Amino acid sequence: MKIILKDDIKNLGQMGEIVNVSDGYARNYLIPKKLAVEANTKNLKEFEHNKKIIMNKAAKIKETLKETADKLSKVTVTIKSRAGEEDKLFGSVTTMDIAEALKQEGFEIDKKKILIEEPIKRLGTYSVNVKIHPDISSQVKIQVISE
């Protein structure tokens, strides 16, 4: 079945693409969740009309996310943790800890979008990558201090 995607779907396609999927996948998942519509002549004409509106909306959202990324790159987050000898932490700083600290700074970031290259197990200053959008990411400075 040919469908028009209304949203970006991982491993399937981008918004506005016409893709061919199995009938069951389209009827039972994509269409009921309003992620896609059937690609008939009526829907194609309607989608072409709405495509410009959707693209403008996506551009505005992307612009606000870029502003958020700029603000995030200027933020230094302080996380207090218990430490033992040689500045070694009891445990490690997790993405959940970083997300909570960012929430206190006024940024609502999902912990799954915070990428830590290796576990933070010592006191000090670290740079952590935050992926806000598939095209937009930002570096956040994390300062781990002793309680």
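No value in this document is a laboratory result; all are computed from the given coordinates. All values reported here derive from a predicted model rather than from experimental measurement. Here the Cβ positions follow ideal geometry from the backbone for every residue, glycine too, while neighbour counts run over all protein chains shown.
Data overview
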{"item": "Among the residues listed as Glu86, Glu67, the single one being assigned to a helix (DSSP H, G or I), under 28 Å from Ile9 (Cβ atoms) and among the acidic types (Asp, Glu)", "result": "Glu67"}
{"item": "Among residues of region 72-85, those that are of a type in the set (D, E, K, R) and in contact (Cβ under 8 Å) with a residue 12 or more places away in the chain, counted", "result": "2"}
{"item": "Selection count where residues are buried (at least 18 other Cβ atoms within 10 Å of the Cβ) and either in contact (Cβ under 8 Å) with a residue 60 or more places away in the chain or more than 16 Å from Gln143 (Cα to Cα) (or both), scope region 108-129", "result": "1"}
{"item": "Tally of residues being in contact with a Ser or Thr (Cβ under 9 Å, 6 or more places away or on another chain) and surrounded by 13 or more Cβ atoms within 10 Å (Cβ to Cβ) across region 50-70", "result": "2"}
{"item": "Subset of region 92-107 [exposed (fewer than 13 other Cβ atoms within 10 Å of the Cβ) and closer than 20 Å to Glu147 by Cβ]", "result": "Met96, Lys103, Gln104"}
{"item": "Every pair of residues 6+ apart whose Cβ atoms lie under 6 Å, when the first sits in region 52-65 and is in contact (Cβ under 8 Å) with a residue 12 or more places away in the chain while the second is in a helix (DSSP H, G or I) and loosely packed, with under 10 Cβ neighbours inside 10 Å", "result": "none"}
{"item": "Selection from region 1-29 of residues that are within 18 Å of the chain's Cα centre (by Cα) and not in a loop (DSSP other than H, G, I, E, B)", "result": "Ile9, Gly13"}
{"item": "Residues located in region 70-82, provided they are farther than 13 Å from Glu105 by Cβ and not in a loop (DSSP other than H, G, I, E, B)", "result": "Asp70, Lys80, Ser81"}
{"item": "Residues being under 26 Å from the mean Cα position of the chain (by Cα) and surrounded by fewer than 13 Cβ atoms within 10 Å (Cβ to Cβ) - total across region 30-49", "result": "3"}
